[in-house]
Amino acid sequence: MESVSRAKRLFSTTLPMLFGVLSLMSFQLVDSAFIGQLGVLPLAAQGFTLPIQMIIIGIQVGLGIATTAVISRALGADKCNYAKQLGGLILLMGTLGVAGFALLLYALRHPILMLLDAPQSVFPVIDSYWIIWLVSAWAGAVLYFFYSIARANGNTLLPGSMMVVTSLLNLVLDPVFIFWLDWGINGAAVATLIAFGSGVVIVAPRVIRKGWISMAWHDLDIAKSVKSIGHIMGPAMISQLLPPVSSMLATKLLAGFGPTAVAAWALGSRFEFFAIVSVLALTMSMPPMVGRLLGKGDLTEIRHLVKLACQFVLGFQLLIAVVTWFAADPLAQLMTSDQQVTDILHWHLTLVPFSLGALGVCMLMVSITNALGRSYTALTISALRLFAFFLPCLWLGAQVAELYGLFVGALVGNILAGAVAYGMYRRAMAKLMTRKPL
């Protein structure tokens with residue numbers, strides 16, 4: 001009965017975020033499918049954009065983690081006015097910070113592309129695409145900061161429902177701007193900008209009306225508050241920035257096989273994001289549950305809960321991998337009209353999904369160890385996954401069997417990372433059990 005109750009609690013907590021993340025990933029996958037119909041160059045441009053996009057997402061997620069932590073802590077201590085001030089401070093920091101970073105990225109776009117070994121044919125596409133894409137990325141970051149403030153105040157319905165609304169709006173606008181108006185890949189960025197901008201227009205007034213943010217900082221120690229935010233944001237952001245660094249190195253490796261390989265990798269990566277949507281939802285829903293149980297000192301329940309989540313992730317991802325294996329041909333043809341890209345994407349779809357269960361466990365362990373107050377353990381897991389397993393296996397596979405071997409390397413690297421991550425989580429729990437026996 002306890003296990004059934006535990007499963008119901010985990011399901012009911014995760015479900016709202018599942019719908020939100022699923023809709024978000026669905027629009028990104030369909031967005032890539034639309035771009036895939038435009039040819040190799042737009043797809044390659046998206047492939048070279050992906051690691052930069054992951055950097056921006058890493059910044060906003062790192063600040064989002066800090067937002068939830070500092071605001072919820074203030075509310076728990078009945079410092080409601082301080083929580084509102086923190087909300088306003090975080091919103092201003094994030095809005096200005098991402099805007100400045102976006103301007104820097106556009107100014108350095110050519111050196112970045114050369115660093116990634118991008119062919120000269122991609123440069124003109126990037127020159128026009130990044131102007132609109134960076135503005136849409138900024139709008140998405142601002143919307144995410146509003147979502148984080150809402151979650152920190154205990155409201156998950158607003159961000160969850162708005163993720164669905166903005167995703168549906170993007171899906172409707174994509175074919176209009178990409179094909180009907182014939183704006184190509186730039187049209188995809190315009191559709192995203194309108195969707196995220198509309199989300200900000202809807203969410204911002206609601207957050208303000210709820211009184212969750214305040215710009216009245218006359219009695220706020222801004223330096224101290226920024227320091228407390230940065231103390232949490234720092235390790236979280238570094239952990240979030242490791243994947244884009246890894247992605248840039250992987251893209252550089254793939255560039256040696258030509259633009260078609262980069263394009264196929266971009267599409268396969270988009271599919272992976274969609275395939276692990278349940279894992280992403282769990283990484284958002286479980287930390288508050290683990291944090292509450294840790295506060296109660298109920299470490300045994302944490303172990304049961306994490307074990308249940310890992311069993312679900314491994315079983316569900318295996319099911320997705322089997323379905324993907326059988327549907328690889330029609331999926332690849334649906335996502336791109338280029339035959340060379342289709343052939344490479346088929347390798348990705350038939351190999352890598354079988355390692356997504358292990359990857360999901362690894363991602364979950366990063367989230368759980370952060371919730372346990374072991375931020376450096378979480379950072380170590382992220383670093384080992386990418387730089388001790390994924391990238392070396394990618395490189396070794398490419399040396400042994402070229403492009404096909406690269407995908408085998410991704411499979412092996414993910415499996416090794418998941419096994420090591422779970423072992424590190426168990427050691428962290430053992431230390432906690434020793435220090436604080438129940």
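The values are calculated or read from the model by the stated rules, or taken from the named source; none is laboratory data. Here the structure is a predicted model, which is why all the values come from computation and not from measurement. Glycine also receives a Cβ, built like all others from the backbone with ideal geometry; neighbour counts cover every protein chain displayed. Ligands, DNA and RNA are excluded from the accessible area calculation, which covers all protein heavy atoms including side chains. Shrake-Rupley method; radii C 1.70, N 1.55, O 1.52, S 1.80 Å.
Considering the stretch 173-183, and only residues there that are surrounded by 18 or more Cβ atoms within 10 Å (Cβ to Cβ) and either modelled with pLDDT of 95 or more or hydrophobic (A, V, I, L, M, F, W, C) (or both), the residue that is nearest to Leu91 (Cα to Cα) turns out to be Leu173. When Pro353 is tested against (1) on the phi > 0 side of the Ramachandran plot; (2) buried (at least 21 other Cβ atoms within 10 Å of the Cβ), exactly one condition is not met: (1). Selection within the stretch 383-397: residues that are crowded, with 19+ Cβ neighbours inside 10 Å and at pLDDT 90 or above. The member of this set that is farthest from Met248 (Cα to Cα) is Gly397. Can you tell which of Leu319, Leu331 is without any contact (Cβ under 8 Å) to a residue 12 or more places away in the chain and in a helix (DSSP H, G or I)? Step by step, each of Leu319, Leu331 is checked, and only Leu319 is without any contact (Cβ under 8 Å) to a residue 12 or more places away in the chain and in a helix (DSSP H, G or I).
Just to be sure, is Phe145 surrounded by fewer than 19 Cβ atoms within 10 Å (Cβ to Cβ), among the aromatic types (Phe, Trp, Tyr) and in a helix (DSSP H, G or I)? No: the conditions fail for Phe145.
When Gln60 is tested against (1) at pLDDT 80 or above; (2) open to solvent by less than 10 Å² (accessible area, probe 1.4 Å), just one condition goes unmet, and that condition is (2). Taking the condition hydrophobic (A, V, I, L, M, F, W, C) and surrounded by 24 or more Cβ atoms within 10 Å (Cβ to Cβ), does Cys362 pass? Taking the combined requirement at face value, the residue satisfies it. You will find that of Phe271, Phe326, Phe312, Phe316, the residue that is open to solvent by less than 60 Å² (accessible area, probe 1.4 Å) and of a type in the set (Phe, Trp, Tyr) is Phe271 and no other. The set of residues in the stretch 70-125 being farther than 19 Å from Ile208 by Cβ, among the charged types (D, E, K, R) and surrounded by 14 or more Cβ atoms within 10 Å (Cβ to Cβ) consists of Arg73, Lys79, Arg109, Asp117. Determine whether the stretch 364-387 contains at least one residue that is under 29 Å from Leu41 (Cβ atoms), β-branched (Val, Ile, Thr) and in contact with a helix residue (DSSP H, G or I) (Cβ under 7 Å, 6 or more places away or on another chain). No - not one qualifying residue is present in the stretch 364-387.
Of all residues in the stretch 225-233, none are assigned to a loop (DSSP other than H, G, I, E, B), charged (D, E, K, R), open to solvent by 20 Å² or more (accessible area, probe 1.4 Å) and without any contact (Cβ under 8 Å) to a residue 60 or more places away in the chain. Restricting Asn186, Asn170 to those that are more than 30 Å from Pro16 (Cβ to Cβ), at pLDDT 90 or above and not in a loop (DSSP other than H, G, I, E, B) reduces the list to Asn186.
Any residue at all in the stretch 47-69 that is in a helix (DSSP H, G or I) and more than 18 Å from the chain's Cα centre (by Cα)? Within the stretch 47-69, one or more residues are in a helix (DSSP H, G or I) and more than 18 Å from the chain's Cα centre (by Cα). Only one of the listed residues (Ala236, Ala188, Ala204) is touching a residue at least 40 places away in the same chain (Cβ under 8 Å), in contact with an Asp or Glu (Cβ under 7 Å, 6 or more places away or on another chain) and open to solvent by less than 40 Å² (accessible area, probe 1.4 Å). That residue is Ala188.
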